[in-house]
Amino acid sequence: MRKTFLAIAAMLLTIGTGMAQEAEQIDKEAECRKNASLFTDYAKQKDYATALEFWESVYRDCPDYTKNTYIYGTKIVEWQFQQATTPEEQAKMFAKLLKVYEDWKQYYGTTDDARANIEAKEAYSYYTLKPNEPQLAYDIFKKALLVQQNSMEAAYIQVFMMLSEQLYHANPTEKAEQYIADYTLCSNILTTNANTEGLKNADKYAQIAEVVNTNFAASGVADCATMNKIFAPAIEQKKNDAEYLNSILKLFKSLRCTDTEAYYAASTHSYNINPTADAANGLGKMWYAKEDYKKCVEYMQKAIELSDGKDIDDIYLVMAMAYNKLGNDAKVRECCKKSLEINPNQGAPYLLLATVYAGANVFGDDPVMSRAKYWAAVDQLKKVAQVESNKTVVETANSMIARYSAMFPTKEQIFMHNELEEGKTLFVGGIVNETTIVRAK
């Protein structure tokens with residue numbers, strides 16, 4: 001009987017203990033729920049000072065209760081870091097922040113992509129709180145990027161590329177290849193996502209792609225020969241990827257590397273998939289480089305037909321150069337004039353016009369009047385310095401002015417000629433078809 005009583009007592013004690021533990025657990029969950037709700041509400045309002053106590057309670061007592069413990073917890077601890085007034089306090093808060101990230105990965109980094117997503121956020125914290133240690137943020141970003149690839153947020157890709165460029169400028173010799181490789185990887189991701197139909201924030205990827213491309217072009221990391229070497233193999237591997245090829249065409253144009261085999265290859269493959277103005281333009285330049293000027297003109301005409309209005313001035317200029325090689329002065333003049341109508345702030349068309357005018361046959365066999373073509377040629381060349389910023393083009397124009405001015409008639413020759421008077425206007429016909437000023441050398 002006594003044994004039965006003791007057994008029953010033990011059972012009741014166990015039940016009582018269990019019920020007490022269960023009640024305690026219910027109370028604990030209720031407290032976690034209440035504190036989680038409070039710190040979340042305050043954190044959303046960026047009132048981190050008030051949120052801190054409630055968050056610390058949840059983080060200590062129920063660290064796996066909600067993902068918000070880490071989403072907002074990192075923001076709260078970053079706020080603590082920014083409030084710290086001594087290096088020691090900052091170091092303590094930064095160590096605390098890293099512990100929060102480690103716990104976040106432990107409880108919620110259950111897949112490679114989820115863990116990489118957390119690491120990208122951790123890298124961004126390094127970037128913002130440790131700006132003098134870019135290598136740390138770069139390494140974590142790179143690790144996350146290689147896992148996430150196309151799923152990484154556009155803003156994080158932009159920051160990663162900023163870090164890569166920063167490291168390159170700090171050590172160009174050792175980091176140039178790394179920066180180029182990072183650019184190649186990120187540019188491909190950004191371009192793919194920007195052109196993925198239905199993808200959320202596709203426009204954001206497109207915006208970041210423009211920024212990354214511009215910064216890369218301005219960095220001076222790669223000359224055209226290097227760009228050709230880097231991208232030629234990738235172009236062959238992706239010769240059926242229209243989006244990639246179009247991005248390459250835009251990049252090479254921005255770097256002024258359109259006289260490279262890689263650019264020609266990208267143009268050829270792109271044109272075969274889907275004829276565009278950029279692809280036709282590239283093929284036209286390819287055939288010019290290969291000295292097949294008829295094909296150059298053919299593709300440049302197609303580029304004009306396909307164009308949406310961009311780069312028409314450049315297309316007409318290349319056509320003018322090809323017609324010049326073919327000896328068709330009338331077409332050279334026509335294309336140069338059209339190029340200048342679209343973009344008057346360029347010097348190259350004036351150089352070509354001057355060359356055509358100086359080689360023209362005007363006023364028959366008259367030894368003095370026939371030199372009027374040089375006045376018209378110099379008129380064109382003097383316009384170069386007014387519109388052109390490229391010093392080489394201006395220097396070329398000045399050299400031609402000196403050469404053609406030496407061909408002007410003398411004062412005596414002008415004085416002795418019945419139809420000429422120094423300082424007066426004169427219309428020069430034929431291919432020149434310009435009004436000029438009579439002047440002596």
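The values are calculated or read from the model by the stated rules, or taken from the named source; none is laboratory data. Nothing here was measured: the structure is a model prediction, and the numbers come from that model. So basically every Cβ, Gly included, is an ideal-geometry build from the backbone, and we count neighbours across all protein chains shown. Accessible surface areas use protein heavy atoms only, side chains included; no ligands, DNA or RNA. Shrake-Rupley method; radii C 1.70, N 1.55, O 1.52, S 1.80 Å.
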Out of (1) more than 15 Å from residue 73 (Cβ to Cβ); (2) modelled with pLDDT of 55 or more; (3) open to solvent by 50 Å² or more (accessible area, probe 1.4 Å), what's the single condition that is false for residue 30? (3)
Is it the case that residue 330 is touching a residue at least 60 places away in the same chain (Cβ under 8 Å), in contact with a strand residue (DSSP E or B) (Cβ under 9 Å, 6 or more places away or on another chain) and of a type in the set (A, V, I, L, M)? no
Of the residues in segment 71-120, those that are out of contact with any Gly (no Cβ under 7 Å at 6 or more places or on another chain), more than 19 Å from residue 51 (Cα to Cα), open to solvent by less than 40 Å² (accessible area, probe 1.4 Å) and not charged (D, E, K, R) number 4
Looking at residue 401, is it free of Cβ contacts under 8 Å to residues at least 24 places away in the same chain and closer than 27 Å to residue 352 by Cβ? yes
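Looking at segment 180-214, which of its residues are touching a Phe, Trp or Tyr at 6+ places or on another chain (Cβ under 9 Å) and of a type in the set (Ser, Thr, Tyr)?
Taking segment 180-214 as the starting set, the residues that turn out to be touching a Phe, Trp or Tyr at 6+ places or on another chain (Cβ under 9 Å) are 180, 182-184, 186-196, 199, 212-213.
Matches in segment 180-214: 183, 184, 187, 191, 192, 196.
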Which residues, taken from segment 38-87, are within 37 Å of the chain's Cα centre (by Cα) and of a type in the set (A, V, I, L, M, F, W, C)? 43, 71, 76, 77, 79, 81
Looking only at segment 338-368, and only at residues there that are touching an Asp or Glu at 6+ places or on another chain (Cβ under 7 Å) and assigned to a helix (DSSP H, G or I), the one that is surrounded by the fewest Cβ atoms within 10 Å (Cβ to Cβ): 342
Would you mention how many residues in segment 369-398 are exposed (fewer than 14 other Cβ atoms within 10 Å of the Cβ), free of Cβ contacts under 8 Å to residues at least 40 places away in the same chain and not in a helix (DSSP H, G or I)? 1
Is it fair to say residue 423 is out of contact with any helix residue (DSSP H, G or I) (no Cβ under 6 Å at 6 or more places or on another chain), open to solvent by less than 70 Å² (accessible area, probe 1.4 Å) and over 21 Å from residue 324 (Cα atoms)? yes
Among 150, 171, 188, 193, the single one that is within 27 Å of residue 217 (Cβ to Cβ) and buried (at least 21 other Cβ atoms within 10 Å of the Cβ) is 193
